[in-house]
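J.: Before anything else, here's the structure in question.
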Amino acid sequence: MIDRGMARVGRGGLPSVIALAACLLAGAAAPMVPADPPPRGFDLQARLEDLDPARPIEYLELAEEIAEGLATGESADRVLARRLYGLAGRLDPDRLAASAALGLASLATDARTKERYRAAASLLDPESVRSVTADRPEVDAETALEIGEAFGDFRSGRTIGLRRALQDPARERLIQGWDHALPGGIEWLRRQTEAGGRQRPVVDRTDALAMIRVELALLDRGRPQWSTLLALEGDPPIVDLRVDRVPSLLLDDAAASRPRHRGGAWVE
Amino acid sequence: MSFGSDPARDAAVAALLGCTRAAGPRAILGLGDGPIDRDTLDAALATRRRQVESNAATRGLAEAAIAELEAAAAALRPSASEGRSRTIPRPPSSPVPPVRPVHPKVSAPPPPGPIAGRSRTPVRPTPRITAAHLTPFDRLVLSILVSGGGWNARTRVLVAGLAHQAGLDAATLRRVVSGLASFMRQQGVAGTFGEVARAEHRPAPPPPAPGRLESTVLRMAEGVGREFRGDSRSSFYRLVTLFGLVAVFFGVVLVTVLTAPSPVVRDTNLRRQEAEELLTRRLEEEKTAAVDPTHSVTPSTRPGVVRPATFERPPMFRGDAVPETVVFDLGRLPAAVDDLATLARRLELDVDRLPEAARVQWEDAIGLFARTWPRMPSDQRSQVLASILGVLRVAETPEVADRLLAALAVDPEAPIREELDPWRRAFRSGVLGEIVVEQSLPESVREIARRWVAERLPGSDGRHASGGPFAALGGRALDLMGGTLVEQAGVLGIGDFEDAWERWFEAQAALRRSDEVQRALVATLGRVLAVNRGLGNPGPSTDLLGRLVREIDWTAAGPDPESLRDAYQAWMRDSSIDGQALWVLGSVLDGPAGIGWFRPEFVLDPQATPGVRLRVLADVLDAWPESRTPVARGELLPVEGVLLDQLDRLIPEMAAVIRDAGTSRELLEALLGAERLALATTLLAADRTREAEAVIGQVISQVDSQETGVDIPDPRSPVVRGNDGEFAQSLKEAGRDADARIAIIDSLLADALAGDLGPRDAEALVQEAWRGSPAAVRDVARSVVLDAFSNGPNVAIEMLNTVGRAARSEDTAVFIEQYTDAILPSRRDDDWDAAVRRALARHAVSLLDADAIGIDRLANAVGETVLARARAREGEVAAGTAFGAGRPDPSSSAAAAADAARRVATGLFLAPGGDRSLEDLDRRRLARRRLASDPIRRLVAEHVAELEYLEFILEARVPVRRVELRSAMEDAADDRAEADSGLRQAASTVLRMVELERLRMIVRDTDPLGGMG
């Protein structure tokens, strides 16, 4: 549309300019829709029609193909991929349920849902998942001490240690893991360190306490005191799944009873 | 007055003497108008002479004045009377104190007497006190003062008493004492003591005459005193005898108190005594009663009551103890297990061949195990089974399998030949059961075992039975042997018969739970009744019946009373069971060794018709005591009623506390309460009632007062010293002057209220504490930090921020340890720097966050409580567990508790009809662990695992509670799904453990006779 508008402008005239402006405005006013997914290398409808409950692996493979390269955010493809994973897990629970759960976890749009699916995968096949929860990178004692000293120096107005730490990818990643707990987040720390000078940054007691807690979490290396733990991580409940409810988690019973795709709809 | 031709000198002399010549010699010498003696005259002369010598301005003036004095003395000497001849000691040439006028006054004439008598030689008052002035009273007072150490409270009382006796008032006494003090100063020690020696002895006042009672008491006291002093040998012996009798008396009292039975025991003994007397009376009556010669077979029937079968002695037997060879053989077990391991390794190398020597070795080992297994501890039994299966595992060829299994061939129903046959056959049958279900064994082995089991031990393979395949098939073999042994009554030698049965009873007890044993005994009793081999006549059958009746628990609290009642019904209704057998049974039940509730009219007439049987049966069932426990009691836990009531109250209250908890600290407190309650129920299960009671008391206190009992210091808000920066500026201005710096730092202590410094001052002080120079400045700074600012948050933050500047020295380490109350590792330790930083950071957090200490201490208390529960539960299994030293982390403690529960579950077997296995629970536990990324959620995961193991255990032990147990587990899962926090999940899970344990608790029956009364 813009190309056409530009062509008119090229032939000149106020109407062309107006048309161009209208195109631009129309383009600006158009609702934001996800861009069309890149063209697939296969015929989706044909693949869906070919699905057979006697061959559950095909459901899983098609789901993986659709999920590959999916844009963020909800989309029809994402919904379809979820259904296909769920059907695979329900049709062959012994062999495919854990993989289906992991596939569904990859499609989850929030951490909690992701954790539930990974928990389901772990329940079905403990070897399939090393750890369900999002792990922080492990920290060695020397690095923990170095970062702690950098924080202390920062509070005293010596920012060079922290600046160097943030310039190191591994250390930056470590500090990034505590972004939610640091006053102003890692970006504020970065700005303060880059500001230079020997002026002591303004860190009140609350901020100092938050930073000190992060130091303790690093120094305790996975065995923090509970006061530190509760302050930094909160007290989220464990995701506890029951084995008998995992199938319905993968796909509800109603959808699971319609594994065939005919004429654009799912049927029994 | 004129002393010479020189008027000026005369005037000076007059002034020195205090008077002129015209005043007269008495005035010149300072004497009054009364009569004087020579001593007085000489004393006055000496006194005046000293005065002149000390006061005269010139020597010549003094000589002139002395000349006048001597002239005056000479003038008076002729008229002076003779005094006592004594030498007046010349006073030392010490400075004469100024003359003080003395004006003694006496308010009343003193009474005559040695104390306050008149002075024999009245003395004219003079400016000085001399010895001549002292009266006997004075000397007495003086002696009191000297001996009493001067004027003090004691001498004051004594002197006041004397003064009162002498009629002197306080003012007079004061003057006397003052004068004496002056005298003492003047005369010195020698003079004072000299006068004290002249004090007249004052006789002691006579004691008042004692009254009659008083005199008697005094005499007695005197006599007792003499005795206790042991003045004489006889009094000594009397004392020894007296104390010996006292010791014996108290010893008798102590022994009596310690050995006296408690009221409950006394009551029980009394009742037992009465029962025994009743029994004896009944026996006597039976002995003396007329004997119907035909009653042993066909009793005389009286209306309503059938005469029971009587025997010379109650039907009963006991076999001999286990042969000593069994004890000896037990010691050979470890070697036999090792031999089988070696055999297995050899077979692996040559699977096609079983040498004869190996076969013999194998058979010997099987034989050894078979004749000792009931006496093995449980872990050794597991090792034995494992060693057997280890050998069979490599028997891949049918020939080898066949030869090995030949040692396990068993025919449970074959006649018993030897007393240990019940053990041998039960063992072999049990091993066959294990072989059938063990999937790791070669099919060649399992197929043979499967065939034998099907032929000789038909029934389920026991994989889901309580006790597993070994218990199931071993018990089945015993049941079959029981039938065989019943048939062998009178066939087998009596000794062998009784010993074989004894072994049979022992094998049953080793293999089965109490309710299963009961069922086996009841079934055997039914067999005895059915076979009826000479019942009613004295003999092995009747003795066996008597023994079985005694072994079976007929009370309402016995295991599986419903099954017993059903069996009795079946016997009474079974027409194939002869009436005579039932008559003997009834007679034994009613007999001296029978059960209390079975009445004489329940003894069945051997000739009774079916209708009569049913009528008697109905009467028996009416009297049958109600079962106190549900069907298939399993292992219910009797607990004192008071404790059960407390539990029933605390469970819902604790649930409310968990539900209402809001903050993290409240949730931790709720969790601690739940953990304590779970500890209490675990202690009750371990029969540690008193400890459980104490823990329940803690929970009650917590619920009622909201106080956990955990020591949590109150939050502190130290005052920040004002004028931040002033101290820092002063320090800066002091420059390098160490003394000034020290003074400035010290001045911080002046403000006693300040507990913290502002940021700038904190920075300055901490800088000195770390790097102050010289060392004295640093030491002072550190002292001030410790003494005044150890709880100051700003100082703490600064300490942490700048600790890197501190020297890595012993002093610094000590300072940090004192400041933080933490224990640091050695300075050579690689972790030292991190440990220092950690300690300072924790200290800072504790000051910045008022809740931090409380939360950490509550978490520690939770960890300790969970660990205590793990240890209590560990007491249920033989194997011990080494728990780590140091403060337990809650999640680690929870893992230990779950492990302990799992070990208990491993010792059990699947409950009948169970649809889960331990492997399933382990898999779920592993999955939950992966869900837990932090200690709190790990705690939840382990608690859920422990809950599931506990439910598994309880289903096996109390199968009748299965429905309630499953329902509680469903509720627990719902709780976890709905919980909004990990701590709440943990607390609710722990509370469900308490509910599960509660399900198997019943009120303890306090009647010592149980249901037999």
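J.: Rg to Rh for the stretch B:324-512: what is it, with Cα atoms only and Rh by Kirkwood?
T.: The Rg/Rh ratio comes out at 0.96.
J.: What list do you get for A:159, B:172, B:58 if you sort them by fewest beta carbons within 10 Å?
T.: Ascending Cβ contact count within 10 Å gives the list B:58, B:172, A:159.
J.: Which three numbers, in whole Å and largest first, are the semi-axes of the equivalent ellipsoid of the stretch B:552-664 derived from its Cα gyration tensor as √(5λ)?
T.: Equivalent ellipsoid of the stretch B:552-664: 47, 14, 11 Å, largest first.
J.: Same structure, new question: In Å and from the alpha-carbon atoms only, list the Rg and Dmax of the stretch B:719-849.
T.: Both quantities, over Cα of the stretch B:719-849: 14.1, 42 Å.
J.: So what does the Cα-only Debye profile of the stretch B:7-79 read at q = 0.14 Å⁻¹, as log10 I(q)/I(0), no solvent term?
T.: Results for the stretch B:7-79 at q = 0.14 Å⁻¹ read -0.38.
J.: With the cut-off at 17 Å, report for the stretch B:379-474 the share of all Cα pairs above it, as a whole percent.
T.: Summing the P(r) tail past 17 Å for the stretch B:379-474 gives 47 percent.
J.: Would you mind putting A:74-80, B:983-989 in packing order, based on average other-beta-carbon counts within 10 Å, highest first?
T.: Taking the mean over residues of other Cβ atoms within 10 Å, the ranking is B:983-989, A:74-80.
J.: Binning at 5 Å from 0, report for the stretch B:212-259 what percent of all alpha-carbon pair distances ends up in each bin.
T.: Over the stretch B:212-259, the share of Cα pairs per 5 Å bin runs 5, 19, 15, 15, 14, 12, 10, 6, 3, 1 percent.
J.: Next up: Arrange B:682, B:325, B:689 by Cβ neighbour counts within 10 Å, fewest through most, would you?
T.: B:325, B:689, B:682
J.: Shifting gears a bit: Where Rh denotes the Kirkwood radius from the mean inverse Cα pair distance, what is Rg over Rh for the stretch B:335-443?
T.: Ratio of gyration radius to Kirkwood radius for the stretch B:335-443: 0.95.
J.: Under a plain spin-label model, where a point goes 7 Å from the Cα along Cα-to-Cβ, how far apart in nm are residue A:265 and residue B:305?
T.: 8.9
J.: Among A:65, A:215, which comes first, then next, by fewest other beta-carbon atoms within 10 Å?
T.: Fewest-to-most Cβ neighbours within 10 Å comes out as A:65, A:215.
J.: Multiply the residue separation of residue B:77 and residue B:537 by 0.36 nm, subtract the distance between their alpha-carbon atoms, and state the gained length in nm to one decimal.
T.: 150.7 nm
J.: Separate question: Can you give the FRET efficiency to the nearest 0.05 for residue B:622 and residue B:926, using r as the Cβ-Cβ distance and R₀ = 51 Å?
T.: Given R0 = 51 Å and the Cβ-Cβ separation, E is 0.35.
J.: Would you mind computing the Rg to Rh ratio of the stretch A:141-220 from its alpha-carbon coordinates, Kirkwood style for Rh?
T.: Radius of gyration over Kirkwood radius for the stretch A:141-220 works out to 0.91.
FYI, it's all coordinate maths here, none of it is from the lab. Just so it is clear, the structure is predicted and the values come from calculations on it, not from any experiment. Counting neighbours? That spans all protein chains shown, and the Cβs are built from the backbone with ideal geometry, glycine included.
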